[in-house]
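This report refers to the structure that appears directly beneath it.
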Amino acid sequence: MYLQLVLFFHAEIMSSSLLNWNIHLQCRAKLSIKEFRSQSSMVYGISFRNCLQSDASRTFRLFCYKQCNSFQAPSSYCNGTKRTPVHSCLQENVTKYFDFIIVGSGVAGLRYALEVSKHGSVAIITKAEPHECNTNYAQGGVSAVLCPSDSVESHMHDTIVAGGYLCDEETVRVVCTEGPDRIKELVAMGASFDHGEDGQLHLAKEGGHSHHRIVHAADMTGREIERALLKAVDDDPNISTFEHHFAIDLLTSQDNEEIYCHGVDTLNTEIQQIARFIGKVTLLASGGAGHIYPLTTNPLVTTGDGIAMAHRAQAVISNMEFVQFHPTALADEGLPMKPMKKRDNAFLITEAVRGDGGILYNKSMKRFMPLYDERAELAPRDVVARSIDDQLKKRGEKYVFLDISHKSRQQILSHFPNIAAECLKYGLDITSMPIPVVPAAHYMCGGVLAGLHGQTNIKGLYVAGEVACTGLHGANRLASNSLLEALVFARRAVQPSVEHMAHPTVNTKHLDIWPHPVLSESLKDCIVEDIKLRTRQIRGELQSVMWEYVGIVRSTNRLKNAEWRIADLELQWEEFLFRRGWKPMMINSEACEMRNLFCCAKLVVRSALARHESRGLHFTEDFPYVEESKRKPTIIFPTSAAKLTWSSRQVHKQLQC
């Protein structure tokens, strides 16, 4: 197997150790990890202002918890309502109790909810409308071995090759083996996928795949899966969905070296109310962090909230340097008619267009992909994105063309109706004209380190979907493996979650003990507006720094420049807040998103600086080649830091009974 590159967030060089991705989670500040079949592991000490637990969510040390009688318990668990009501005035803080708490309403969160609801009450917390998630924007499909000529071994091979040989082999085998059953479950639940003339599921082919294995619903697969799952959730009486609830921080406690998760604090952005959710098990399924960049295919809600919350709660993070840029997002600048306003997120042109025969040309209509890779347009995403980036820089242009017009009109419109309709809005007929495209931030291959059942180093906290780093994707995700991973790990997290729920280590009914966050509305309106305006400006500057210095092609100098500029931006922002009367426990949605973006951006930069090779999605001019000795995941262990930013500073003393 492979060695790991380990980052500790303090300035000490730790001793060498043998590490393995497949973790025995014993809920410690550091993971207990199986040994790799290797001799040693290099361990790097990195100094970096760490985002530990914020004031809004304290980690308490409960040494003699069972002897404490001062906590008031509610009389019973609250099942909640199917949809939270909307009012127009500020509300008192509320606390809700459930067996299972899920942050996120994409495929991972919904699929998990439908299983654990058989064992207890479930709360789904979603930042906006339930359908506003990355799942809903997934066009291509779900990969699975469903064709007799295909095999699990072939799918594994394609995944590992695309992942730069950094994938965890056991995880890859589990996902590729269990994938077909997860697809069949979706079909049984009412998901409608395209079928061929023979009545069997139509299987498409995408870049990096050696076989036709992509199950799809035209070019709107994610939307169809989300529809089917949301309907099932709405029909389940044990599941309550809380819309427009922004997760602020996890509620955790610490007993000796073990950390426990007991739920999450949220902000109901509709009525400006702090809603606390306390439960026996928490699943993070909150997606990625695409909006650390200015151009991303992700919806506005993807600001790295789950990764940042977990990091502040002292969860272990892995592989954050591997940010996937989708090669082909619609380049609005190249459309015959320009959109009236800038999009919140770039419109994705699915991988399946290239899989269906689409050809990439520069603006001189010269095909260029064969110059970079023998697989041409069917090369993995990291290769295609770097090739396009190279063309744009060499030629001083802002987009290239993706042409599918050589295919029949009927085939194009039947396979890509959503893309055709979107382009036609702006005067572009894809059946006769090439599509202007440009790379855009798309997917985080790194995230919260997870075991084979979605478990983390924090007891009671599980992760699934893009927020997790399971080892499946390695250094680059294979097309259409994301929905597959979410389905498999959502299902695998169920059994250990149910077991933990049935045998909790502490009584969660007694745990409403953390101080509540304070709404920024207590400040004058003009001050709040000033803070929001400055936060938006800082956000734009952070995104520009990430795009300029931490993009598709990197260098040590640019990464160090990014590190310095991000730290300076964060300092500017915090000083501005506190000069205007901001308090340590104060929150609003803009500020919470900003601190999460800062946290994720710093994780990406530090991880990228630590990898002295080019592998998969991480390409650096200073180390342009793959180094076999460095074929190891990057692991970030949380530790204490001498100087903390506002978003990470602990003000309250730990509770000791």
Review point. Going by the conditions given, is D382 within 24 Å of the chain's Cα centre (by Cα) and closer than 30 Å to R536 by Cα?
Key: no
Review point. How many residues does region 438-490 contain that are surrounded by fewer than 24 Cβ atoms within 10 Å (Cβ to Cβ) and in a strand (DSSP E or B)?
Key: 2
Point to revise | Checking S286 against (1) modelled with pLDDT of 95 or more; (2) open to solvent by less than 20 Å² (accessible area, probe 1.4 Å), the condition it does not meet | key: (2)
Practice item. Take region 333-344 and flag every residue that is open to solvent by less than 10 Å² (accessible area, probe 1.4 Å) and within 22 Å of R539 (Cα to Cα). Key: none
Exercise for review: Residue by residue through region 544-571, note down the ones that are open to solvent by 20 Å² or more (accessible area, probe 1.4 Å) and under 30 Å from A275 (Cα atoms).
Suggested key: L571
Review point. Any residue at all in region 442-452 that is in contact with a strand residue (DSSP E or B) (Cβ under 8 Å, 6 or more places away or on another chain), closer than 20 Å to I183 by Cβ and not small (G, A, S)?
Key: no
Exercise for review: State whether one or more residues within region 310-332 are touching a helix residue (DSSP H, G or I) at 6+ places or on another chain (Cβ under 7 Å), open to solvent by less than 10 Å² (accessible area, probe 1.4 Å) and assigned to a helix (DSSP H, G or I).
Suggested key: yes
Check your understanding: Can L511 be described as out of contact with any Cys (no Cβ under 8 Å at 6 or more places or on another chain), open to solvent by less than 10 Å² (accessible area, probe 1.4 Å) and at pLDDT below 95?
Key -> yes
Revision key, fill the gap. Filtering region 215-244 down to residues that are among the polar types (S, T, N, Q) and outside any loop (DSSP other than H, G, I, E, B) yields T221, S240, T241
Check your understanding: So which of A315, A308, A331, A352 is modelled with pLDDT under 90 and small (G, A, S)?
Key -> A352
Check your understanding: Of the residues that make up region 291-302, is at least one part of a helix (DSSP H, G or I) and open to solvent by 10 Å² or more (accessible area, probe 1.4 Å)?
Key -> no
Check your understanding: Are any of the residues in region 603-619 out of contact with any helix residue (DSSP H, G or I) (no Cβ under 8 Å at 6 or more places or on another chain) and in contact (Cβ under 8 Å) with a residue 24 or more places away in the chain?
Key -> yes
Practice item. Determine if region 335-343 includes at least one residue that is of a type in the set (A, V, I, L, M, F, W, C), assigned to a loop (DSSP other than H, G, I, E, B), closer than 21 Å to I292 by Cβ and in contact with a Gly (Cβ under 8 Å, 6 or more places away or on another chain). Key: no
Check your understanding: How many of the residues in region 348-362 are closer than 12 Å to H406 by Cβ and assigned to a loop (DSSP other than H, G, I, E, B)?
Key -> 3
Point to revise | Counted residues, region 344-371 - those being in contact with a Leu (Cβ under 9 Å, 6 or more places away or on another chain) and either over 20 Å from G396 (Cα atoms) or basic (K, R) (or both) | key: 12
Review point. Inside region 368-427, counting only helices (runs of 4 or more DSSP H) that do not spill past its ends, which hold 2 or more residues that are open to solvent by 40 Å² or more (accessible area, probe 1.4 Å) and of a type in the set (D, E, K, R)?
Key: 381-395
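The values are calculated or read from the model by the stated rules, or taken from the named source; none is laboratory data. Just so it is clear, the structure is predicted and the values come from calculations on it, not from any experiment. As a convention, Cβ positions derive from the backbone with ideal geometry for all residues, glycine included, and neighbour counts pool all protein chains shown. Just the protein is used for accessible areas: all its heavy atoms, side chains included, with ligands, DNA and RNA removed. Shrake-Rupley method; radii C 1.70, N 1.55, O 1.52, S 1.80 Å.
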